[in-house]
Structures are given as C-alpha cells and as structure tokens.
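Novice: I am attaching a structure below and will ask some questions about it afterwards.
The values are calculated or read from the model by the stated rules, or taken from the named source; none is laboratory data. Remember, it's a predicted structure, so these values are computed and weren't measured experimentally. Cβ placement follows ideal geometry from the backbone for every residue including glycine, while neighbour counts extend to all protein chains displayed.
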Amino acid sequence: MDSNRERSKMLLNPRRLKRMPINLRKKAIREARNLAGMQQPTKSQRRLRKSTSTKSRLQNDFERAEHNAMLTASSHELQQILSEFEELADVPYDATPTELLGLIAQAENRATTIYVQRDGLSTLKIMLHQRSPTVAQLKKAIATISCAQLKRRQRERRRVADEDDAGRADDGSRQQVVGSAGAKVLPRSSGELVNSALRNGHEHRAFVSWRFLWRCFALFNVDTNQPIDDNVDNGRATLTALGIENGAKLKFVHRVKYFGRKRQS
C-alpha cells in the first residue's frame, strides 16, 4: 500500500506533469487515480462507511416515500380539478409545459400543428407555440411529448396489471382452475419512442436517449416525399424554410439511408 501511495504521489508531481505531453499527462493522472482506488480501506473506515450508508439509505427511503405520497396526492387533486371543467376535460393531469403551451396556442389560433407518424405506434400530434418554430424546437417537442406519452402508457399497463392481480386474488376458485399457466403475461414496458418494438420482433433498450435516436433516425416529409435535413444552420432553420407547413405529416426514417454514414465526433 505504501509503495502504491508513493507511486501515486510521484505520478502527480506538478513539475513532472507540466513537462509531459498531453497524452502522457492524461495517462499519468489515470494511473494515479487507479492506484488510489486500489488502496484498501482500514477496518474503522469500512465500519464507518457501512453505518453511514445504512442511515443515509433509510433517510433516502423515507424521503422518497414522502415524495411519492405527495406526488400521488397532487395527481388526484389535479384530476379532480380538471374533471370539474368541461373545457379542461381533454387536458392530461400530468401534461408537460410543451403540451400546455401548445394547447394555449391552439386556443388562440396561432399554433403550428405537426403530425409525426410512428411505425406500429400512435401518431404524435405536436403543437408548437412559437411564431416561427425551428427544426430544433420541433425535435425537442417530439422528444418531450413522446416520453410523456410513453410514461402514461406504462402507467396504464401497470394499472391494468394490478387490477388483474387483485381480481385473481379475490376470485380463489378461478385461480385454482386457471393456475399460473393461464395468467396473462403483459408485454414488458420498453422504450418505444420511434417505432413499435414488438412489431419489429425485438424490444428497444428501456433507457435509450433521444440523442442516440436522432443519430439513427431522421424526419421525412410525407407530403413532399423529401427527407428533412435537420443540420441546416445548426438546427436553427425554420420549418417553413425546410418546406414543413402547418398540418404537415412527418415520419421517422433511418438517417443512413438518406444522409449516409458520418463519423461520430
């Protein structure tokens, strides 16, 4: 351990690091970090770390339970408020700011509505509140609304599964006849954001990011039968400049098919 500590100090000598090239400097810092991680903690440190982690874990569990209870109460209260007004009956209680701004702009007749078709999934209705929306704002709205709809779909699946489990638990005679083999197995919730995973024969990764998806997929204008280059002016090009009008229909296509392969930076 002493030799590792001495070697780590030697590698992190400021004068020595200053004379090194950038690649060797990074290598020395990386080796020193690895050596520091190899040092074994003492018994007192292990005991203190274990007790501290247990206390913090209990505190985090308590705070998480309180936070979830507050969210549940707020959701029920919002549902009750929205149900009392006919004008707000179609507004989801967990609406995102993008959806709310789009609904307000639609009520004021100044929204830009775009329909994004997805293979095997429902069509996204994107309402942009900006007066001259750009393609970057459209992509951000698509990501936000699709993730919100995915959470609602997963919540509905869990609710249906819980109701089925409760029904099977109450109906004891039916449970004896059907058994575990007759129980319905719902499809596992997955990150279906661009197209249906079940239709393509495989499931998407559950926590795939939109940054990764935009590297793989691009938007295609169904009305003009042309792909949309979202890199024009670094995403600041307006939808009108790209030929996307109000009420246009778009869909997802593989980016490599129309724009070729590009080296990832």
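Novice: Within region 95-116, does at least one residue satisfy the condition of being at pLDDT 95 or above and touching a Ser or Thr at 6+ places or on another chain (Cβ under 6 Å)?
Specialist: Yes - at least one qualifying residue is present in region 95-116.
Novice: Looking only at region 208-222, decide whether some residue is in a loop (DSSP other than H, G, I, E, B) and modelled with pLDDT under 90. Explain how you work it out, then say what you get.
Specialist: First pass over region 208-222, keeping only residues in a loop (DSSP other than H, G, I, E, B): 208-209, 222.
Subsequent filtering for residues that are modelled with pLDDT under 90 retains 208-209.
Checked region 208-222: at least one residue is in a loop (DSSP other than H, G, I, E, B) and modelled with pLDDT under 90.
Novice: On the given criteria, is Ala95 part of a helix (DSSP H, G or I), without any contact (Cβ under 8 Å) to a residue 60 or more places away in the chain and among the small types (Gly, Ala, Ser)? Before the answer, list the steps.
Specialist: Numbers: part of a helix (DSSP H, G or I): no; without any contact (Cβ under 8 Å) to a residue 60 or more places away in the chain: yes; among the small types (Gly, Ala, Ser): yes.
Spelling it out, it is not the case that Ala95 is part of a helix (DSSP H, G or I), without any contact (Cβ under 8 Å) to a residue 60 or more places away in the chain and among the small types (Gly, Ala, Ser).
Novice: A further question follows. Being surrounded by 15 or more Cβ atoms within 10 Å (Cβ to Cβ) and over 20 Å from the mean Cα position of the chain (by Cα) is the filter here; which residues of region 129-167 pass it?
Specialist: Within region 129-167, His129, Gln130, Pro133, Thr134 meet the criteria.
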